[in-house]
Amino acid sequence: MSEPVVIRLTVNGERREGRCEPRTLLADFLREDLGLTGTHVGCEHGICGACTIHVNGEAARSCIMLAVQADGAELQTIEGLAKDGVFHPLQQAFHENHGLQCGFCTPGMLMVALDFLRLNPSPSEAEIREAISAVLCRCTGYRDIVRSIQVASEAMRKSGVGTR
Ligand code: FES
Ligand code: FES
C-alpha cells in the first residue's frame, strides 16, 4: 500500500483537506473522505456521467480523475448548488417538472446542465438533448429532464441566478 498523501482543495467555496492513497479516485475521495455523497457513482469508467462535478469551473467526470489531480483545484458539487436553503433554479425546475425520476443520474445531469447553460443560456431543445447526451438516465426517458432544463434556462435568464 502506498503512503497516504494530503490533498487540499476548495469545495463549494470551503477549504477542505483530506488524506488518501495516490490511486484514490476523485469521486471516492469526495464521497468517502469528505462525506459529499451527493456525487453518484455508476459505471466508474467515464461513460454514464453520474459522477460529473465542476473542476475549476468546467464539468468533469470525477470517476476518471485521481484525487491527487484535484489538489489545489476549485470544485463545485451538487451540494453547492442550493444557497441558504434555497434551491438553485435548476433544482427548482427539476423538482417542479418531474425531472428527478429515481434521482440516480440527477446530480450529474444538473452539473452538466449548469455548465452547458453558462455557455449557452438560450438553448434550443436539440442543443439541450445533445448536451445531456453526456449523462445516461436509466429511468423512463429524457422528456421531463429536457423540459426542466428549458424552464431553468428561462428562470436563470430572468433572475441572473446561477449564470456565473
Ligand atoms: S460513474 Fe463516472 S462516468 Fe459513470
Ligand atoms: S432519474 Fe433515474 S437514472 Fe435518471
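The table below lists the values:
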quantity: Residues of region 1-20 satisfying the condition of being open to solvent by less than 40 Å² (accessible area, probe 1.4 Å) and not in a strand (DSSP E or B); calculated: none
quantity: THR39 being within 16 Å of ligand 1 (Cβ to nearest atom), over 15 Å from the mean Cα position of the chain (by Cα), modelled with pLDDT of 95 or more and open to solvent by less than 60 Å² (accessible area, probe 1.4 Å); calculated: no
quantity: Pairs with Cβ under 8 Å, 6+ apart, first in region 22-42 and without any contact (Cβ under 8 Å) to a residue 60 or more places away in the chain, second surrounded by fewer than 21 Cβ atoms within 10 Å (Cβ to Cβ) and of a type in the set (Lys, Arg); calculated: ASP33/ARG19; LEU34/ARG16; THR37/ARG31; VAL41/ARG31
quantity: Checking ALA134 against (1) away from ligand 1 (no atom under 16 Å from the Cβ); (2) over 17 Å from ASN97 (Cβ atoms); (3) not aromatic (Phe, Trp, Tyr), the condition it does not meet; calculated: (1)
quantity: Subset of region 21-55 that is in a strand (DSSP E or B) and aliphatic (A, V, I, L, M) - its residue that is nearest to ALA73 (Cα to Cα); calculated: VAL55
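The values are calculated or read from the model by the stated rules, or taken from the named source; none is laboratory data. What you see is a predicted model; the values in this text were computed from it and never measured. In this analysis, Cβ positions are derived from the backbone assuming ideal geometry, glycine residues included, and neighbour counts consider all displayed protein chains. The area values use the complete protein model at the heavy-atom level, side chains included, leaving out ligands, DNA and RNA. Shrake-Rupley method; radii C 1.70, N 1.55, O 1.52, S 1.80 Å.
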